[in-house]
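Colleague: Quick one: the structure is below, and I'll ask about it shortly.
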Amino acid sequence: MSLRQSLALLAGRLQEPQKVARFQRLCGVEAPLSRSAVASADLKEDEEEEAPLSRDCRRREPQPEACGGPRTPGSDRNQCPAKPGGGGGGGALNGVRNGLASEPGPASPRRAGALRRNSLTNEEGELAHVSNWPLYYLFCFGTELGNELFYILFFPFWIWNLDALVGRRLVIIWVLVMYLGQCTKDIIRWPRPASPPVIKLEVFYNSEYSMPSTHAMSGTAIPISMVLLTYGRWQYPLIYGLILIPCWCSLVCLSRIYMGMHSILDIIAGFLYTIVILAIFFPFVDLIDNFNQTHKYAPLIIIGLHLALGIFSFTLDTWSTSRGDTAEILGSGAGIACGSHVTYNMGLLLEPPLDTLPLVRPPITVTLFGKAILRIFIGMAFVLVIRDIMKKITIPLACKIFNKPCDDIRKARQHMEVELPYRYITYGMVGFSISFLIPYIFFFIGIS
C-alpha cells in the first residue's frame, strides 16, 4: 500500500462518526433508551462494513445520491470523507441540517443542558443521559471559548484592562484565522458527523459544514498568539504559557468532539491549518498593526478590504450561520482597526517606551480592581446598547434599500443584501466602540 493510500485510509478512519460516538460514551454521554438499540445495531453493522465501503468510495467516481454525493434532508448517513471531483462535497446543501439528528422517542431522558438552538432550523440539542456532569460542564465551558459571548468579553477585556497592543494584534490574528477557516468550510463542504450514532448535544452550528473545525482553529490560534505576543513584552515565567497552550487548545478541541459537532479529522485539520497560518502570517502582524494606526488612508483600505472579503465569502455557498459569522468577524476586525487608527491619531494611545520592556505586572489594589470592574460593566453596557440600536436600524434599512420583505427577520437575513450590511455595519460599530468610543469615555470620566 502506497503512502497516499495509507493516508487516505487513515483520514477515512479519523472521520468515522463511530469514533465520535465512542468518545461520547467514554465521557458518560448515552443515547436515549428509545435510540440505544438502534444505535448499537448500527455501530456493529458499521464496524463490519465500514472499511471496505470507505475504500470503495475512494476508488470509484462518486455518483449522485451515492456515498460522496449531496444528501437529501431525510438522509441519516452522511459519512463519506471525500467530496466529488468537481463539486460541492459530501454534505447536505449549506443551510440544511448536516448529520441529521433522529427524533427523540417516547422515553424521557434528562436533557443535557440548555444549549442554544439552531437559528436556521430551530432544532435543539438531543435528549441524552449524562452520567458525568462535571465533565459535561467542563466541555460546555470549552466550547464556549469559541463562541460569540467569549469573544465579546475576551477582546474588550484585553484592550480595556490588560494591554491594548496585545488585544489589537490578537484580533488581527483571530480575524485572519477565522476567515480562512470559514471560507475553507464552504469550499470543502464536508458534513457534520452523522446522527445516529453521534449524539448532537449542540446544534447551533449544525447547518454549517464541518471541515475544518473553526473552534479548533481559534482554540489553537488564541493561546499560541497570546504567548507569542506577551512573552518578552511582559515579565512572567515561560512555563505558564507552555502550560496554557495545551490546556486551552485540548479543552476546546475535545469539547467539539464531545458535543458531537466534529470528527477527529476535523479537529486535527483545524489544528494543523492554524499552525500553518500562524507560521506564514504571524511575522506580519506587527506591520499590519502599525499600518492600521499610522497610514493616512488606513480606514478606507481597511473597510474596503474587509467588505470585499465578505462579499467573496458570501458567494461561496448558500445561506447558513457560517456566512453571518464571517461578516460579523470581518466587521468586528474592521471596526477595531479603524478605532485604533482614530485613537492613535488623537493621542489617546500611549505605548510604553521600549527601554521599559519587559513590563512588570502592577500590584493588584482595591482601586485597580475597582476600575477594571467599572470598565467592564460600563463598557459592556455601551457595547450591548450599540449592538441593539444598530441591529434595529440596519436590518429594516437594508430590506428597504434592496426591496426585500422584512416581515420575517430570519428569512430576510438569508439574503446576502440584508445579512452582509447588517452584520458588517453592526459589528463594525461594535468594534469601533471597543477600540475608540468606550476608551474615550473611560478617559473622560477618569477610569482609563
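Colleague: By the gyration tensor of its Cα atoms, with a ≥ b ≥ c the square roots of the eigenvalues, what is the shape of segment 129-445: rounded for a/c under 1.5, prolate for a/b over b/c, or oblate? Write out the running numbers ahead of the final one.
Modeller: Values: a/c = 1.59, a/b = 1.14, b/c = 1.40.
Since a/c reaches 1.5 but b/c is at least a/b, the shape of segment 129-445 is classed as oblate.
Colleague: Most exposed first by the Cβ proxy, i.e. fewest other Cβ within 10 Å, how do SER263, SER250, SER322 rank? Intermediate values should be presented prior to the final figure.
Modeller: On the way: SER263 32, SER250 15, SER322 23.
By the 10 Å Cβ count, ascending, the order reads SER250, SER322, SER263.
Colleague: A further question follows. Could you list THR426, THR315, THR230 in order of exposure, starting from the residue whose Cβ has the fewest other Cβ atoms within 10 Å? Kindly include the intermediate steps, with their values, before the conclusion.
Modeller: Values: THR426 25, THR315 9, THR230 20.
Least crowded to most crowded, the residues run THR315, THR230, THR426.
Colleague: Work out how much length ILE243 to LEU305 would gain on full extension: take 0.36 nm times their residue separation and subtract the Cα-Cα distance, in nm to one decimal. Walk me through the numbers on the way to the answer.
Modeller: Details: separation 62, 0.36 × 62 = 22.32 nm, distance 3.65 nm.
That works out to 18.7 nm of additional length.
Colleague: Past 30 Å, Cα to Cα: identify those pairs from LYS296/LYS371; LYS200/LYS411; LYS19/LYS411; LYS371/LYS392, in the order given. Could you put the intermediate results ahead of the total?
Modeller: Working: LYS296/LYS371 34 Å; LYS200/LYS411 25 Å; LYS19/LYS411 36 Å; LYS371/LYS392 32 Å.
LYS296/LYS371; LYS19/LYS411; LYS371/LYS392, as the Cα separations exceed 30 Å there.
Colleague: Based on the mean of other beta carbon atoms within 10 Å per residue, what is the order of 413-424, 231-242, 360-371, most packed first?
Modeller: 413-424, 231-242, 360-371
Colleague: Arranged from highest to lowest average of other beta-carbon atoms within 10 Å per residue, in what order do the peptides 194-204, 301-311, 210-220, 432-442 appear? The partial results should precede the final answer.
Modeller: On the way: 194-204: 25.7, 301-311: 17.3, 210-220: 27.7, 432-442: 22.0.
Output ranking for 194-204, 301-311, 210-220, 432-442: 210-220, 194-204, 432-442, 301-311.
Colleague: Sticking with the crude label model, points 7 Å out along Cα→Cβ, report the distance from ASP286 to THR315 in nm, one decimal please.
Modeller: Those two pseudo-labels are separated by 3.7 nm.
Colleague: When ARG13, ARG169, ARG323 are ordered from fewest to most other Cβ atoms inside 10 Å of their Cβ, what list results?
Modeller: Least crowded to most crowded, the residues run ARG13, ARG169, ARG323.
Every number in this text was worked out from the coordinates using simple rules, so none of it is lab data. Worth saying up front: this structure is predicted, and the values here are computed from it rather than measured. Ideal geometry is used to build each Cβ from the backbone, glycine not excepted, and the neighbour counts take in all protein chains shown.
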